[in-house]
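Only one structure is covered here, and it is reproduced in the block below.
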Amino acid sequence: WLDLKRMDFTEPDENLYPEYNPLLRESMVEETHAYFMELVREDLGIRCLVDSDFVMVNQSLAQVYGLEGVSGSAIRKVPLPANSVRGGFLTQASILKLTANGTTTSPVMRGAYVLTKFLGDPPPPPPESVPAVEPDLQMTMTVREQLSAHREQTECARCHDKMDPLGFALECFDVMGQYRTHYRAAISAGQKGVPQIFNGRPAPFRVGPAVDATGVMP
């Protein structure tokens, strides 16, 4: 149903997301399986598909989600604080990872995923004559700016009006499911960045533009 078999189709860029690791990848899938089992076992309502007051996490996922007091590799039920951005399937790291391309997020992919998997209204295939929106690791243009230019083509706007607002609602989550307020951008020649150390290796990236997760439904 959720296409978790596609989890390994892409890998987060090791320069932009050096904290990603195999244990975290396995934990992502385990969380989604455990969450589904909890819905069935406790006979929870359909609202829990998109919202809940708990998550199923271990220490690796708790660090990604910013939750304290969780240690060890075992997945367990953890209550969410009030006003948490988490809850339901759509904010789980597995879903957010498989609806990204490994380097940047795609509101189009995420919007199409929500339409298909949760609303039963899959969009038609894109026109063959229209080129895809290519990732911009340097963030010279935001994803919103790129899509704005893309939607100027009439044959594209019809579907994007339905997909893009749903996808932009999830744009505050990066390619491995972390909450963010700004994009990470690759450092090109001549640019200054903020080199950071992850797992003993330098990981140069700079803080990119602010994330705009607003949208208006048709």
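The values are calculated or read from the model by the stated rules, or taken from the named source; none is laboratory data. Predicted model, so just to flag it, every value in this text is computed and none were measured. Glycine also receives a Cβ, built like all others from the backbone with ideal geometry; neighbour counts cover every protein chain displayed. The accessibility values were calculated without ligands, DNA or RNA, using every heavy atom of the protein model including side chains. Shrake-Rupley method; radii C 1.70, N 1.55, O 1.52, S 1.80 Å.
Out of all the residues in the stretch 16-27, is one or more surrounded by fewer than 17 Cβ atoms within 10 Å (Cβ to Cβ), closer than 19 Å to Tyr113 by Cβ and in contact (Cβ under 8 Å) with a residue 40 or more places away in the chain? Looking through the stretch 16-27, none of the residues is surrounded by fewer than 17 Cβ atoms within 10 Å (Cβ to Cβ), closer than 19 Å to Tyr113 by Cβ and in contact (Cβ under 8 Å) with a residue 40 or more places away in the chain.
Within the stretch 106-119, the residues that satisfy the criterion of being open to solvent by less than 60 Å² (accessible area, probe 1.4 Å) and outside any helix (DSSP H, G or I) are Ser106, Phe118. Of the residues making up the stretch 189-202, not a single one is modelled with pLDDT of 65 or more and surrounded by 17 or more Cβ atoms within 10 Å (Cβ to Cβ).
Quick check on the stretch 26-34. Is at least one of its residues within 20 Å of Thr99 (Cα to Cα), in a loop (DSSP other than H, G, I, E, B) and touching a strand residue (DSSP E or B) at 6+ places or on another chain (Cβ under 6 Å)? No, the stretch 26-34 contains no residue that is within 20 Å of Thr99 (Cα to Cα), in a loop (DSSP other than H, G, I, E, B) and touching a strand residue (DSSP E or B) at 6+ places or on another chain (Cβ under 6 Å).
Specify the residue that is most open to solvent (accessible area, probe 1.4 Å); the eligible residues are those in the stretch 67-81 that are farther than 16 Å from Met28 by Cβ and either in contact (Cβ under 8 Å) with a residue 60 or more places away in the chain or assigned to a loop (DSSP other than H, G, I, E, B) (or both).
Here is the first cut: in the stretch 67-81, the ones farther than 16 Å from Met28 by Cβ are 68-69, 71-72, 77, 79-81.
Those left that are additionally either in contact (Cβ under 8 Å) with a residue 60 or more places away in the chain or assigned to a loop (DSSP other than H, G, I, E, B) (or both): 68-69, 71-72, 80-81.
Values: Glu68: 173, Gly69: 86, Ser71: 80, Gly72: 35, Leu80: 26, Pro81: 75 Å².
So, considering only residues that are farther than 16 Å from Met28 by Cβ and either in contact (Cβ under 8 Å) with a residue 60 or more places away in the chain or assigned to a loop (DSSP other than H, G, I, E, B) (or both), the one most open to solvent (accessible area, probe 1.4 Å) is Glu68.
The set of residues from the stretch 36-59 being open to solvent by less than 30 Å² (accessible area, probe 1.4 Å) and assigned to a helix (DSSP H, G or I) comprises Glu38, Leu39, Cys48. Of Asn21, Asn83, all but one fail to be at positive phi, over 14 Å from the mean Cα position of the chain (by Cα) and at pLDDT below 95; the exception is Asn83.
Pairing residues of the stretch 31-45 that are more than 15 Å from Val78 (Cβ to Cβ) with residues that are part of a loop (DSSP other than H, G, I, E, B) and open to solvent by 100 Å² or more (accessible area, probe 1.4 Å), at Cβ distances under 9 Å and at least 6 apart in sequence or on separate chains, gives Phe36/Trp1. The set of residues from the stretch 1-15 being under 15 Å from the mean Cα position of the chain (by Cα) and without any contact (Cβ under 8 Å) to a residue 60 or more places away in the chain comprises just one member, Asp8.
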